Structure formats: C-alpha cells, structure tokens
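See structure below.
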C-alpha cells in the first residue's frame with residue numbers, strides 16, 4: 001500500500017496535469033478544431049457543460065492535495 005506522501009504527491013500530479021489539460025481545452029480552440037476536423041462540430045456547443053465542471057474538480061483536487069501535503073508536513 002502506498003504511503004501518505006506518495007499518495008498526496010500522486011494526487012498533486014493528477015490535479016495539476018488535469019487542470020492544465022482542461023484549461024487548455026477551455027481557453028483555446030483545441031477541441032473545436034479537433035471536433036471540426038473529425039466531423040463532430042455539433043458537439044462543440046456542449047463542451048462547456050463538461051469542461052467547466054471538470055476544471056473545477058481538478059482545481060479542487062489540486063487544492064486538496066496541497067492542503068493534505070502541508071498538513072502531513074506540519075504534523076511531523
């Protein structure tokens with residue numbers, strides 16, 4: 001079983017990487033161009049319904065991982 005430090009580092013990595021990827025997809029036309037090229041342009045209108053909540057989840061995950069890492073560091 002992984003230790004708490006390994007688990008919080010994993011959470012932090014997932015949170016940061018997820019936040020960067022979702023932010024790129026939200027604020028740049030990467031997905032719009034990709035979906036248009038593949039022929040799924042009708043889906044573009046619904047991207048905000050998925051991307052903004054995903055961005056919020058990844059930001060909260062990053063904050064939680066940082067809080068957990070700081071709490072473990074101050075306890076020892």
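Taken together, the values in this text are just the output of simple stated rules run on the coordinates, not laboratory data. It should be emphasised that the depicted structure is a prediction, and the values quoted were computed from it without experimental measurement. Note that we place each Cβ from the backbone using ideal geometry, even for glycine, and neighbour counts take in every protein chain shown.
Angle of helix 47-75 to the longest C-alpha principal axis of the chain, folded into 0 to 90 degrees and rounded to 10: 10°. For helix 4-27, report the angle its Cα long axis makes with the longest principal axis of the Cα atoms of the chain; keep it between 0 and 90° and round to the nearest 10°. With both axes taken from Cα atoms, the answer is about 20 degrees. Working from Cα pairs under 8 Å separated by at least six residues, relative contact order for the chain is 51 percent. Taken along the Cα-to-beta-carbon direction at a fixed 7 Å, the label points for residue 66 and residue 37 span 3.4 nm.
Of the labelled figures (i) 16.4, 55; (ii) 15.9, 51; (iii) 16.3, 47, only one reflects Rg and Dmax of the Cα atoms in Å as derived from the coordinates, namely (i).
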